[in-house]
1. Suppose we keep only residues that are of a type in the set (A, V, I, L, M) and not in a helix (DSSP H, G or I) within region 20-64. Which one would you say is most open to solvent (accessible area, probe 1.4 Å)?
2. Residues Ile166, Ile174: which one is in a helix (DSSP H, G or I), among the hydrophobic types (A, V, I, L, M, F, W, C) and surrounded by fewer than 19 Cβ atoms within 10 Å (Cβ to Cβ)?
3. Go over the candidates Leu383, Leu419 one by one and state the one that is surrounded by 24 or more Cβ atoms within 10 Å (Cβ to Cβ) and at pLDDT below 95.
4. Look through Ala376, Ala349, Ala325 and report the one residue that is open to solvent by less than 10 Å² (accessible area, probe 1.4 Å) and of a type in the set (Gly, Ala, Ser).
5. Considering only region 358-373, state which residues are over 18 Å from Leu287 (Cβ atoms) and either more than 10 Å from the ligand (Cβ to nearest atom) or of a type in the set (Gly, Ala, Ser) (or both).
6. Among the residues that make up region 342-352, is at least one of them closer than 19 Å to Thr398 by Cα, in contact with an Asp or Glu (Cβ under 8 Å, 6 or more places away or on another chain) and assigned to a helix (DSSP H, G or I)?
7. Taking Gly243 as meeting all but one of (1) within 16 Å of the ligand (Cβ to nearest atom); (2) touching a Ser or Thr at 6+ places or on another chain (Cβ under 9 Å), write down the number of the exception.
Amino acid sequence: MKKLALHWKILIGMALGILFALGMVQFDWGPKFISDWIKPFGTIFINALKLIAIPLILAALVKGVSDLRDISSLSKMGLRTIMTYIATTVIAVSIGLAVVSMVKPGGTIAEDTRTELIEAYGGDAEMKRQDAQKQKDSGPLQALEDLVPSNIFDAASSNRNMLQVIFFAVFFGIALILIPEEKGATVKKFFDGFNEVILKMVDLIMLSAPYGVFALMAALVVEAPSADLFAALGMYAFCVVLGLALMVVFYIIMVKTFTGKSPKFFMNGIAPAQLLAFSTSSSAATLPVTMERVTEHLGVEEEVSSFVLPIGATINMDGTSLYQAVAAVFIAQAFGMDLTFGTQLGIIATATLASIGSAAVPGAGMVMLVGVLGYAGIPEAGLALIFAVDRPLDMCRTVINVTGDATVSMLVAKSQDKLGKPKAKNWDDHYDEVK
Ligand code: ASP
């Protein structure tokens, strides 16, 4: 019998997780059973993925940069990568703004629903606001200052500091290029081997993906807010999802136009990473799988993927920026505010920066949204309005964040002449090897 492809297994795991939880909530003891006995397996799965994010970035970037052999090709690729990332983010925010201005979801939300939401979620929203406040209390060059860690072990001790680890790895890689080849050979070999080991760890973890997502989805269902709230925020959620869907169309067009690869090839190649992004809500946790898919299945040479993807997971969040634009305008509409064209342009700029600054972990986009609201003079209390549906939207925007990174890596690879035939012939080839 032909074996089921990995994406089907993951999808079945998700569906069974949801069905199982829907069945369990019928019993009084059901939700507690899921929290106590099922959820931990989901947490273990995410932790295992996160566990390898920092070592992966370190190994992949040192290898990627030192493979380049000269500084000029590094700076050329670096510049291209950053420019393309910023361009796709600006397009994402613009799509978000266009959709929310046309659909006007904030207009349909009733006065008493608004009060109810603010009462129910005011406390949670306040916590996000305080998180954001901590970041805001700093000077204009704080982000630059934060880029350079004062201690690499300290930096590597938190997944939130991925940019600092990236900085160290690129710096290390550059120095490795600059020393005489025979002196650097052992170090380079070490990182090449280290990288291989980490990739094998990804394969092994992915074998448990269908069970991991089962647990994650089951836990999510029992923790979900009431269906009434979902309905009240339906139009807003619709706008975010519509905008995100348009982004997928945009990516597909870009891939087809610039690389000639078909939508089917692209979507098949990246699907497991997308499903994982959806279930974990974290681009950082998904990064190991994104790297594997892009390299083995989309034909991007490792030299490019190991440079472009870790940076993308940290700074390129098209889904997040689109969501921030929609959320900001939705809250403004709900409070009856009119936003001028100038303010909307400002939202494009602030949402782009806010998404760059968002950590690649669940819920980070909402913390950074506070900055966008603050800029546009939209009441921060409005965060309470969107809280109830944030998790499902976080899952969707993370899918787009990851898809955007994969798209840009293909475009950059093409422009560097580093887009070849995928190494894997079948869809889940790589995962079979470990069997
Ligand atoms: N969860 C998103 C990510 O990791 C960030 C966010 O929008 O909250 O990509």
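1. Val25
2. That would be Ile174, the only listed residue that is in a helix (DSSP H, G or I), among the hydrophobic types (A, V, I, L, M, F, W, C) and surrounded by fewer than 19 Cβ atoms within 10 Å (Cβ to Cβ).
3. Answer to the selection: Leu383.
4. Only one candidate qualifies: Ala325.
5. Val370, Gly371, Val372, Leu373
6. Looking for residues that are closer than 19 Å to Thr398 by Cα, in contact with an Asp or Glu (Cβ under 8 Å, 6 or more places away or on another chain) and assigned to a helix (DSSP H, G or I), one finds none in region 342-352, hence no.
7. Going through (1) within 16 Å of the ligand (Cβ to nearest atom); (2) touching a Ser or Thr at 6+ places or on another chain (Cβ under 9 Å) one by one, Gly243 breaks only (2).
The values are calculated or read from the model by the stated rules, or taken from the named source; none is laboratory data. Because the structure is predicted, anything quoted here is derived from the model rather than measured. Virtual Cβ from ideal backbone geometry, glycine too; neighbours counted across all protein chains shown. SASA here: full protein model, heavy atoms, side chains in, ligands and nucleic acids out. Shrake-Rupley method; radii C 1.70, N 1.55, O 1.52, S 1.80 Å.
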